[in-house]
1. Looking only at strands (runs of 3 or more DSSP E) that fall completely inside segment 150-230, which ones have 1 or more residues that are surrounded by fewer than 17 Cβ atoms within 10 Å (Cβ to Cβ) and without any contact (Cβ under 8 Å) to a residue 40 or more places away in the chain?
2. Determine, yes or no, whether residue 3 is within 16 Å of ligand 1 (Cβ to nearest atom) and either surrounded by 17 or more Cβ atoms within 10 Å (Cβ to Cβ) or outside any strand (DSSP E or B) (or both).
3. So, in segment 91-102, how many residues would count as being assigned to a helix (DSSP H, G or I), touching a residue at least 24 places away in the same chain (Cβ under 8 Å) and within 18 Å of residue 80 (Cα to Cα)?
4. Consider residue 85 carefully, then state whether it is under 28 Å from residue 189 (Cβ atoms), touching a residue at least 40 places away in the same chain (Cβ under 8 Å) and either out of contact with any Lys or Arg (no Cβ under 7 Å at 6 or more places or on another chain) or within 16 Å of ligand 1 (Cβ to nearest atom) (or both).
5. Got at least one residue in segment 25-36 being more than 15 Å from the chain's Cα centre (by Cα), away from ligand 1 (no atom under 16 Å from the Cβ) and over 17 Å from residue 158 (Cα atoms)?
6. In segment 30-54, which residue that is away from ligand 2 (no atom under 16 Å from the Cβ) and in contact with a helix residue (DSSP H, G or I) (Cβ under 9 Å, 6 or more places away or on another chain) is farthest from residue 182 (Cα to Cα)?
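Rule-based calculations on the coordinates, nothing more; no lab input. If you're wondering where the values come from, they're calculated on a predicted model, not measured in any experiment. When we count neighbours, we look across all protein chains shown, and the Cβ atoms used for this are built from the backbone with ideal geometry, even at glycine.
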Amino acid sequence: QAVIEIKGLQKKYDDTVVLKDITEDVKQGEVICVIGPSGAGKSTFLRCLNLLEKPTKGQVLFEGTDLTTLNEKKINGLREKMGMVFQNFNLFPNMTVIENLKLAPKKVKSISDEEATKTAQDLLDKVGLLEKADVYPTSLSGGQQQRVAIARALAMNPEVMLFDEPTSALDPEMVGEVLKVMQDLANDGMTMVVVTHEMGFAKSVADKIWFMADGYIQESADPETFFSHP
Ligand code: ADP
Ligand code: ADP
């Protein structure tokens, strides 16, 4: 069962064609790692999946609904079901960790403060940061901030998680703790699309590798196949 269907996706900026013609599916529970050289269009591609970037041509269907035909309000509604994690965490610096997690659920869903707190605490526990609930993000390490960012995305109870180079801004010693949280999510059955340079993660966690270069997905293969050829 496809959660996301990408059909003939193209993205141009003025006369630069970044994505040329991409047709792929993301199935329920699949972990897809998008890899490829810098400038290949990976980040642009990921941002087209939740319409942070508007495709120039083609369709992106989320659970059967073509996002490219929707107005901004309806896109926002569906975007809530696609959690996104960025390279630079993007946490709200003037809110505590738990306030970061509670903000969107309280705003969008009609849930009580108690319920939002309970969910936030459960998620912080899951990423190993319950004891940091009441501190401000800037007092945390990069690895801790990124784990908070993942928990914050999960607080909306998304169907899919999109990761844009989630470990690229981290000191090397913090990469492992973030990848571990992502691996746990994958083991829980989360559908994930991960743009990454972490080949170890791609090899051991991905169900499928999409190799992107020159605006195309040049190869789509299981990791064993992908990493076995020269
Ligand atoms: P990757 O994530 O694979 O490194 P990107 O998607 O970030 O690649 O970028 C692909 C190409 O698209 C780059 O040449 C980049 O400069 C260009 N690009 C990305 N965003 C824009 C934009 N808003 N306007 C013009 N060009 C852009
Ligand atoms: P990253 O590689 O972390 O995605 P980039 O430097 O590629 O960072 O892009 C940062 C921001 O700048 C993005 O919003 C992207 O769309 C925009 N951008 C990238 N390249 C260009 C460009 N050539 N012209 C205009 N905007 C760009």
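1. 216-221
2. In short, no.
3. 3
4. Yes.
5. Scanning segment 25-36, I find at least one residue that is more than 15 Å from the chain's Cα centre (by Cα), away from ligand 1 (no atom under 16 Å from the Cβ) and over 17 Å from residue 158 (Cα atoms), so the answer is yes.
6. For segment 30-54, the residue satisfying everything is 33.
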